[in-house]
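Following: one structure in structure tokens, then a few remarks.
The values are calculated or read from the model by the stated rules, or taken from the named source; none is laboratory data. None of these values were measured; they are calculated from a predicted model. Note that we place each Cβ from the backbone using ideal geometry, even for glycine, and neighbour counts take in every protein chain shown. The accessibility values were calculated without ligands, DNA or RNA, using every heavy atom of the protein model including side chains. Shrake-Rupley method; radii C 1.70, N 1.55, O 1.52, S 1.80 Å.
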Amino acid sequence: MRARARQIVRSNPYASNAADSFVANAVGAGIKPSSLIEDHALKDEIQRVWLAWTDEADADGLTDFYGLQALAARAMFEAGECFIRFRPRRPDDGLTVPLQLQLLEAEMLPLSKTELAANGNQIRCGIEFDAIGRRVAYHFYRKHPGDSTDQGNKGEIVRVPASEVLHIYRPQRPGQIRGVPWVSPALVKLFLL
């Protein structure tokens, strides 16, 4: 379903326009936080640091914090989910705040990785759960599985603690652990158009 959704958005102008409209309506120019701190000097300082960090937030260096929001919203439309990995940085990296965000496509978490981990935890669709069903880790490919230009470490999987990952998706039924493309209900209609 995800592959079909991605293809229809790439090849169908109605679907592409729908994706753009969804992003524009979901995040617009960006969702901006507003501080409730009453100390004006502290509030101004926090705002200054925030504004500087938004320009450095993207670990890939392609966009800013608000562009990341737009990419995440588009991923929800096309793939039904998006992963955001917190990437702590060293203080000597020269960033305003030693933290960046890395967006990972749904394909980076293998649906086929369903097994019992060495520690006894259950891994389902790339997500590791503890004995009481809490997400404790995500098992991501080190490199994008669809990237034919980068042959190094192809298929290698890295375990990332759940505390370092935001899994953005909308559950549509109880127990659902992965996302469904938001464009899915319209796939047949878009194909016929």
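Give the residues of region 24-41 that are of a type outside the set (Gly, Ala, Ser) and either part of a helix (DSSP H, G or I) or surrounded by fewer than 14 Cβ atoms within 10 Å (Cβ to Cβ) (or both), sorted by residue number.
Filtering region 24-41 down to residues of a type outside the set (Gly, Ala, Ser) leaves 25, 27, 31-33, 36-40.
Matches in region 24-41: ASN25, ILE31, LYS32, PRO33, LEU36, ILE37, GLU38, ASP39, HIS40.
Any chance you could count how many residues in region 100-135 are part of a loop (DSSP other than H, G, I, E, B), closer than 25 Å to GLU78 by Cβ, open to solvent by 20 Å² or more (accessible area, probe 1.4 Å) and in contact with a strand residue (DSSP E or B) (Cβ under 6 Å, 6 or more places away or on another chain)?
Residues in region 100-135 being part of a loop (DSSP other than H, G, I, E, B), closer than 25 Å to GLU78 by Cβ, open to solvent by 20 Å² or more (accessible area, probe 1.4 Å) and in contact with a strand residue (DSSP E or B) (Cβ under 6 Å, 6 or more places away or on another chain): 2 in total.
Among the residues of region 73-96, which ones are crowded, with 16+ Cβ neighbours inside 10 Å, under 19 Å from TYR141 (Cα atoms) and not aromatic (Phe, Trp, Tyr)?
If the condition is that a residue be crowded, with 16+ Cβ neighbours inside 10 Å, under 19 Å from TYR141 (Cα atoms) and not aromatic (Phe, Trp, Tyr), then ALA75, ALA79, GLY80, GLU81, CYS82, ILE84, ARG85 are the ones that fit.
Regarding region 9-21, can at least one residue be identified that is in contact with a Phe, Trp or Tyr (Cβ under 6 Å, 6 or more places away or on another chain) and under 30 Å from PHE191 (Cβ atoms)? Spell out the reasoning first.
Residues of region 9-21 that are in contact with a Phe, Trp or Tyr (Cβ under 6 Å, 6 or more places away or on another chain), as a first pass: 19.
Still in the list and also under 30 Å from PHE191 (Cβ atoms): 19.
Looking for residues that are in contact with a Phe, Trp or Tyr (Cβ under 6 Å, 6 or more places away or on another chain) and under 30 Å from PHE191 (Cβ atoms), one finds at least one in region 9-21, hence yes.
Give the residues of region 8-23 that are within 17 Å of ALA73 (Cα to Cα) and open to solvent by 60 Å² or more (accessible area, probe 1.4 Å), sorted by residue number.
ARG10, ASN17, ASP20
Can you give me the number of residues within region 68-92 that are part of a helix (DSSP H, G or I) and touching a residue at least 12 places away in the same chain (Cβ under 8 Å)?
12
Within region 42-59, does at least one residue satisfy the condition of being under 30 Å from SER184 (Cα atoms) and either open to solvent by 50 Å² or more (accessible area, probe 1.4 Å) or assigned to a helix (DSSP H, G or I) (or both)?
No, there is no match, as no residue in region 42-59 is under 30 Å from SER184 (Cα atoms) and either open to solvent by 50 Å² or more (accessible area, probe 1.4 Å) or assigned to a helix (DSSP H, G or I) (or both).
Within region 147-189, how many residues are more than 20 Å from GLU128 (Cα to Cα), modelled with pLDDT of 80 or more and either open to solvent by 60 Å² or more (accessible area, probe 1.4 Å) or part of a helix (DSSP H, G or I) (or both)?
9
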